[in-house]
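Questions regarding the structure given below will be posed in turn.
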Amino acid sequence: MSRLVHLSDLHFGRARPELLAPLAEAVASVSPDLVVVSGDLTQRARSREFAAAREFLDGLGARWLAVPGNHDIPLYQPWDRFLKPFRKYRENIALDLEPCHEGEDYLVAGLNTVDRFAHQRGTARPGGIRRICALFEEGGADRFNILLAHHPFEQDRTSHKAPMRRRRKALDRLKGCHTHLVLTGHLHMWHTGPFLTQPGRSGPIRVHAGTSLSNRLRGEVNDFAILDIEGDLLTVTRMAVEAERVDFTKRDVARFRREGAGLVALDSSEIDRHAGKP
C-alpha cells in the first residue's frame, strides 16, 4: 500500500497564516510516502515567498516534489519573465521543473504547463506529453501512472480562466499510454472523477485540488487530497477546512479500481465487495 498527499496552490504571499500549522499537522498525521504539489507555490514569485514555501515543505517530514504554476514566474518583471522565468523557482525549490518519483506501486511524472507568454493560461507541450507517455508505457498498466501538472486538462464552464492550449490532443494521447491519474490545480476548485471529454467505462481520473492555503477561495474552501493505493484500488479522500474553522477534516471519499489502462469508479456495492462485506 502507498499513500500520497496532493497539495496545490499554496500561494505563499497570500497564504492564510492560521492554516500553516493545521495543514502541516494534517499531512504529518497520515504519514504519506510522498507529498506532491501541483504548482503556484507563491503569489508573485518573490524570493521571500519561495523561501517560505520551501521552509514549509521541508518541515512536513515527508519526501515531496512539485511542479511550477503560472504564479511561480515573475509577472511585473518582463525581462526576467521572458528570459529567465524559472530562476527563482530553481534557486529555491528545485532545478528540475518536471520531476519524477517511482514508488513501489506507482510512478509520478511531473509536467511543466507554464507559458511565459501568457498571463495565466497554460500549455501542454507535445515534447512533454511524449516524455510522459514514454515513461508510462515503459512501466505498463501494472502500476498507477500519475501525471502531476498545474493547469487542468479539462474545466467546466463556471471557471473564468482560459483553458489550457493543446489540452484535447494531449488528453487523447495520455489516455492511450496507460495514464491512470491526473493531478492538477489552478482553478481553486475541487473535482474528482473521470474526464467528461473522454467517454467510456475505463480511462484516466482527474483529481483537481483546490487551494490548500490561499485566502483567495472563490467560493470554495481550503483543501487537499489523500491518495491511498492498495493493489488495484485507489481511494481519494478530500480533507477540507469547513467554514469558521481552521482544522482539516474528512469531507468526501471516492474510490476507483484499476481496469486495464484506466480507472473505473466504484459504486457502493462494488466497494462493499472489495472490502469483503456480505
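Give the aspartates and glutamates whose C-alpha is closer than 16 Å to that of LYS175, dropping any in the same chain fewer than 8 places away, or say none.
By straight Cα distance, LYS175 reaches GLU137, GLU138, ASP142, GLU154, GLU259.
Would you list the P(r) distribution for region 196-241, with all Cα-Cα distances sorted into 5 Å bins from 0 and each bin expressed as a whole %?
Percent of Cα pairs in each bin: 5, 17, 21, 17, 18, 13, 7, 2.
So, one more: Hey, what's the per residue convex hull volume over the C-alpha atoms of the chain, in cubic angstrom?
126 Å³
If you don't mind, there's one more thing I want to ask. Rounded to the nearest 5, what % of the DSSP beta bridges within the chain are antiparallel ones? All intermediate terms of the calculation are to be shown ahead of the outcome.
On the way: 35 of 57 bridges.
Here the share of antiparallel DSSP bridges comes out near 60 percent.
Can you tell me the dipole magnitude for the chain around its Cα centre, using point charges on the Cβ only (Lys, Arg +1; Asp, Glu -1), in Debye to the nearest 20? Could the numbers behind the result be given before it?
Numbers: 41 positive and 36 negative charges, 274 e Å.
Result for the chain is approximately 1320 debye, rounded to the nearest 20.
By average Cβ neighbour count within 10 Å, what is the ranking of 9-16, 174-181 from highest down?
Order by mean packing, descending: 9-16, 174-181.
In region 84-183, what chymotrypsin sites (Phe, Trp or Tyr not before Pro) fall in a loop by DSSP, with at most 13 other Cβ atoms inside 10 Å?
Working: sites: PHE86, TYR89, TYR106, PHE117, PHE136, PHE144, PHE153; in loops: PHE86, PHE117, PHE153.
Hits after loop and neighbour filter: PHE117.
Checking the cross-link filter: which lysines have an alpha carbon closer than 21 Å to that of LYS161, excluding same-chain neighbours under 8 positions apart?
The reachable lysines, counting only those whose Cα sits under 21 Å from LYS161, are LYS169.
Helices from the chain with mean Kyte-Doolittle at least 0.0 and a Cα length along the axis of 18 Å or more, per DSSP H: which?
Values: long enough: 126-139 (20 Å, 0.08).
Both cut-offs are met by 126-139.
For region 129-188 and region 1-64, what is the separation of their Cα centres, given in Å?
22 Å
For the chain, which cysteines have no disulfide-compatible partner, meaning no other cysteine Cβ under 4.7 Å?
CYS100 - these cysteines have no disulfide-compatible partner (Cβ-Cβ under 4.7 Å) in the chain.
Readers should treat all values here as calculations from the given coordinates under stated rules, not as data from a laboratory. Please read all numbers here as calculations on a predicted model, not as lab measurements. Please note: Cβ atoms are built from the backbone with ideal geometry, for glycine as well, and neighbour counts cover all protein chains shown.
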